[in-house]
Every structure is written in structure tokens, then in C-alpha cells.
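The values are calculated or read from the model by the stated rules, or taken from the named source; none is laboratory data. Since the structure is predicted, the reported quantities are computational estimates derived from the model, not experimental observations. Using ideal geometry, Cβ is built from the backbone for each residue, glycine included, and neighbour counts are taken over all protein chains shown. Side chains included, ligands, DNA and RNA excluded: accessible areas come from the protein's heavy atoms. Shrake-Rupley method; radii C 1.70, N 1.55, O 1.52, S 1.80 Å.
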Amino acid sequence: MNDTEPIEQPRRRGDPIARCVNDLLSANAHGPGNLDTPALRRLLEFPKPDADIVLRHVFDAINAAVAGLQPDAPPHYVDCPHCNQPLEAPAPEVQIGRLREFQLTRAPYWQWSPRELLLLKESLKPGDVIVPMYAHSCGIRKPNGRIVEYRRTATTEENSNV
């Protein structure tokens, strides 16, 4: 036995990879039961970097199945897998919806009126991406990567009953 080689310790219950494997085994037991259980348990013996790579592929396959894609289809990335920034600018309606969701998770002070959101949508050019930042402004990332500030302009809603 060579004393210079580190001995890989077995994964403990609190280890994130062990929890993930145990959760997959539990889901397999309660679902259709199509997973290769011995192969999944062998994942506990992998070094962390290798286990992370395998689990990334597992989660990519799950995301593809949930999205309705074929299991062997090449991955289609909408967001960069490294920085999570969009690779292609989503439609303006999608971006406004995401901004609205972002605002709804915050205090009412952050929430823009429908008119303000419409003005923002109309100001977008092809390739622009909305970057939520502050309550009264947001960033717009241009196709060249530059971010410009867009300030919300409408301060009150116009009353249509008058």
C-alpha cells in the first residue's frame, strides 16, 4: 500500500452529492423505477468534480424531459451555462413578464404601472435585454454588451374615467 496516495473517504449523509443520490433513489422507488440503482449508488464513490459532471448531465436530461425535448437531442441553451445571461434576446413580452415577476417579489415601491412597462417595452430595440436593477430604473443590455440605464418615466396613472 502506498502511503502517499490520499484515501477517498466515503460520502457522509450530509454531503450534497449523497443527498442528491439518495433523493434520486427515493424518487425512483416512488416513480416508474427506470433508474439503474447500482450505477447511481456507484456515483457516491466518484470524486466530487466527476460526480458534479455526471449530476449536471442528469439534471440537463431532467430539464430536457420536462421541456418536452427528445432524450438524445443536443442541448439547446437559452441562457449561458456559465453566467446565466441570455444568449439570445427573448421576445419583449417575455422580458417584461420576467421584470414584472422580479418586481412582484419586492415591496410595492418597486412595482411599475402597466403604462410604465408598456413604455419600457416600446423602447426596446432588437437584441436588447432588460436587466432588473433598481426600483425606479433598470438596465438595458445592448447587443454589443454595453448596459444603459432606463429610468421609469410615468409617475402616475392617467384616469380613463374623467
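Brief remarks on what is shown
- For S123, the solvent-accessible surface with a 1.4 Å probe is about 40 Å², rounded to the nearest 10.
- Other residues whose C-beta falls under 10 angstrom from the C-beta of D128 contribute a net charge of +3, scoring Lys and Arg +1 and Asp and Glu -1.
- In straight-distance terms, cross-link reach from K142 covers every one of the lysines whose alpha-carbon lies under 22 Å from its own, apart from those fewer than eight places away in the same chain; here that gives K121, K125.
- Taking all protein chains as shown and a probe of 1.4 angstrom, R42 keeps an accessible surface of around 120 Å².
- Extension gain (nm, one decimal) between A61 and T153, 0.36 nm per residue minus Cα-Cα: 28.8 nm
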